[in-house]
1. Give a quick list of chymotrypsin sites (Phe, Trp or Tyr not before Pro) in the chain that DSSP marks as loop, anything other than H, G, I, E or B, with at most 16 other Cβ atoms within 10 Å.
2. Just from its helices, what would the mean residue ellipticity at 222 nm be for the chain, if runs of 4 or more DSSP H residues each count -39500 (n - 2.57) and the sum is divided by every residue, rounded to the nearest 500 deg cm²/dmol?
3. For the chain, build the convex hull from the C-alpha positions and give me its volume per residue in Å³.
4. Once neighbouring chains are kept in place and the probe is 1.4 Å, which whole percent of the accessible area of the chain is contributed by carbon and sulfur?
5. Running a GNM on the chain with Cα contacts under 10 Å, which residue among Thr64, Thr38, Thr15 ends up with the highest mean-square fluctuation?
6. For the chain, find the longest principal axis of its Cα atoms and tell me its angle to the long axis of helix 65-80, 0 to 90°, nearest 10.
Amino acid sequence: MKCDRCNNKISYLNTLKSFWVGYKRIKCKQCGATYEHTIVNRLIGGFIIGIPLLFILIFYAEATISFKVIIYFSVVLLLSLLYPLIFQFKQVK
């Protein structure tokens, strides 16, 4: 992601962190422009969390709970790593 105002690159880790701390706003370190998540980001983020849970409950019904938890968190972690690559942000005015 690049800042619309100054074209500075906003780091992948800052974008990922904003997802994991509750869709926190992202601030450009160079010019101070602030960006927030769109509603589409929040819906996709919900799918990143919810779809693996349904998948595990359906396809791993016979597995132990500890196995389900490990698989769930592994899948969610891997999917969330794609988060900064697919989401768009809007600048707060």
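1. Details: sites: Tyr12, Phe19, Trp20, Tyr23, Tyr35, Phe47, Phe55, Phe59, Tyr60, Phe67, Tyr72, Phe73, Phe87, Phe89; in loops: Tyr23, Tyr60, Phe87.
Sparse-neighbourhood loop chymotrypsin sites (Phe, Trp or Tyr not before Pro): Tyr23, Tyr60.
2. Working: 4 runs with 50 residues, N = 93.
Theoretical 222 nm ellipticity from helices: -17000 deg cm²/dmol.
3. Details: hull volume 8.0 nm³, N = 93.
Each residue corresponds to 86 Å³ of Cα convex hull volume.
4. Values: 4280 of 6500 Å².
Carbon and sulfur atoms account for 66 percent of the accessible area of the chain.
5. Comparing Thr64, Thr38, Thr15 in the GNM, the peak value goes to Thr64.
6. For 65-80 against the chain, the angle is about 30 degrees.
The values are calculated or read from the model by the stated rules, or taken from the named source; none is laboratory data. This one's a predicted model, so the numbers in the text were calculated from it and none came from an experiment. Methodologically, a virtual Cβ is constructed for each residue, glycine included, from the backbone with ideal geometry; neighbour enumeration extends over all protein chains shown. These accessible areas exclude ligands, DNA and RNA; they are computed on the full protein's heavy atoms, side chains included. Shrake-Rupley method; radii C 1.70, N 1.55, O 1.52, S 1.80 Å.
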